[in-house]
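The values are calculated or read from the model by the stated rules, or taken from the named source; none is laboratory data. Just so it is clear, the model here is predicted, and its values are computed rather than measured. Backbone-built Cβ (ideal geometry, glycine too); neighbour counts: all protein chains shown.
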């Protein structure tokens with residue numbers, strides 16, 4: 001189940017904090033995340049206290065760029081949602097569950113036409129992208145309530161990889177894909193390679209001809225390699241841990257990241273369950289939610305109490 005942990009990225013960012021916690025605080029005196037970790041360990045601060053709730057539900061988004069014709073000008077840094085995942089962290093039961101949402105899944109908000117779920121981030125007014133996407137996801141997944149939207153920053157991800165001098169991985173297949181609209185150009189060959197920030201971003205985002213689960217397997221392998229790269233440069237751990245806040249789009253502060261890192265470190269593998277929203281094929285590349293299966297799947301992953309009922313969480 002670790003292969004599907006929060007789409008890979010979030011676990012990796014939380015893992016930075018856990019790495020810092022086990023490395024020795026004297027090396028990390030300038031790190032906000034490490035200082036927060038130390039404070040919570042010393043004072044036994046629970047995530048319930050930090051988040052003022054016994055659970056928190058996150059909507060995780062990875063978004064591509066929207067470029068002008070020719071690709072030289074960025075019209076919007078974070079446009080369509082390339083990756084969408086709803087993850088629930090249950091602090092009392094030490095459990096992490098979640099469901100990925102295929103980006104081609106159809107959704108129709110009241111008064112609007114049918115759109116792919118990944119389009120709402122792009123059509124929102126500036127500054128309202130997260131809120132409109134949250135509204136669409138809650139409408140799609142009846143009974144689920146989102147507490148926080150985390151938009152992953154691919155630029156910050158590239159920076160953090162470059163900070164450790166690149167990450168060695170085993171590329172399992174030829175990866176060739178060009179998305180001019182999103183300024184994504186993936187050209188990787190099979191074999192051992194040390195990936196810089198840009199190519200690492202390509203590696204974890206590639207899914208052309210693959211399933212979302214295959215991409216998550218690739219992300220898991222990358223995170224293990226990234227962890228080893230960070231541990232190989234202990235003097236950089238504090239800076240890397242702080243950069244994790246930027247990777248998560250600064251949606252979580254140092255206290256929250258530190259709290260989630262300590263929480264995630266103690267969650268047993270059996271209590272980590274990730275799946276996908278049930279869908280059926282529609283027109284072209286579009287998918288439709290399987291409404292008959294959805295209620296039971298939401299309950300299975302503890303995103304709702306039972307059929308049609310909502311888990312009560314503090315907002």
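Quick notes on this structure:
- One residue from 191, 197 being farther than 14 Å from residue 83 by Cβ, modelled with pLDDT of 85 or more and surrounded by 15 or more Cβ atoms within 10 Å (Cβ to Cβ): 197
- Qualifying residue in the stretch 208-220 (condition: over 30 Å from residue 95 (Cβ atoms) and either in a helix (DSSP H, G or I) or touching a residue at least 12 places away in the same chain (Cβ under 8 Å) (or both)): yes
- Candidates 217, 210, 147, filtered to the one that is surrounded by 15 or more Cβ atoms within 10 Å (Cβ to Cβ) and modelled with pLDDT under 85: 217
- Checked against the criterion of being modelled with pLDDT of 80 or more, assigned to a helix (DSSP H, G or I) and under 23 Å from residue 39 (Cα atoms), the candidates 246, 261, 225, 229 yield just one match: 246.
- Checked against the criterion of being over 18 Å from residue 86 (Cα atoms) and crowded, with 18+ Cβ neighbours inside 10 Å, the candidates 252, 262 yield just one match: 262.
- Condition met for residue 245 (within 30 Å of residue 175 (Cα to Cα), surrounded by 20 or more Cβ atoms within 10 Å (Cβ to Cβ) and in contact with a strand residue (DSSP E or B) (Cβ under 7 Å, 6 or more places away or on another chain)): no
- Here residue 155 fulfils each of the conditions (1) at pLDDT below 90; (2) under 24 Å from residue 223 (Cα atoms); (3) touching a helix residue (DSSP H, G or I) at 6+ places or on another chain (Cβ under 7 Å) apart from (3).
- Unique residue being touching a strand residue (DSSP E or B) at 6+ places or on another chain (Cβ under 9 Å), within 30 Å of residue 304 (Cβ to Cβ) and in contact (Cβ under 8 Å) with a residue 12 or more places away in the chain when the list is 140, 184, 132: 140
For (1) in contact with a strand residue (DSSP E or B) (Cβ under 7 Å, 6 or more places away or on another chain); (2) surrounded by 15 or more Cβ atoms within 10 Å (Cβ to Cβ); (3) at negative phi; (4) modelled with pLDDT of 80 or more, each residue gets a yes or a no:
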{"position": "287", "(1), (2), (3), (4)": "yes, yes, yes, yes"}
{"position": "299", "(1), (2), (3), (4)": "no, yes, yes, yes"}
{"position": "303", "(1), (2), (3), (4)": "yes, yes, yes, yes"}
{"position": "307", "(1), (2), (3), (4)": "no, no, yes, no"}
{"position": "314", "(1), (2), (3), (4)": "no, no, yes, no"}
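- Options 169, 144: the member that is more than 20 Å from the chain's Cα centre (by Cα) and not in a helix (DSSP H, G or I): 169
- Count of residues meeting criterion [in a strand (DSSP E or B) and more than 22 Å from residue 169 (Cβ to Cβ)] in the stretch 264-280: 6
- Taken over the stretch 98-123, the criterion of being surrounded by fewer than 22 Cβ atoms within 10 Å (Cβ to Cβ), at pLDDT below 90 and either over 19 Å from the mean Cα position of the chain (by Cα) or not in a loop (DSSP other than H, G, I, E, B) (or both) is satisfied by 119, 122, 123.
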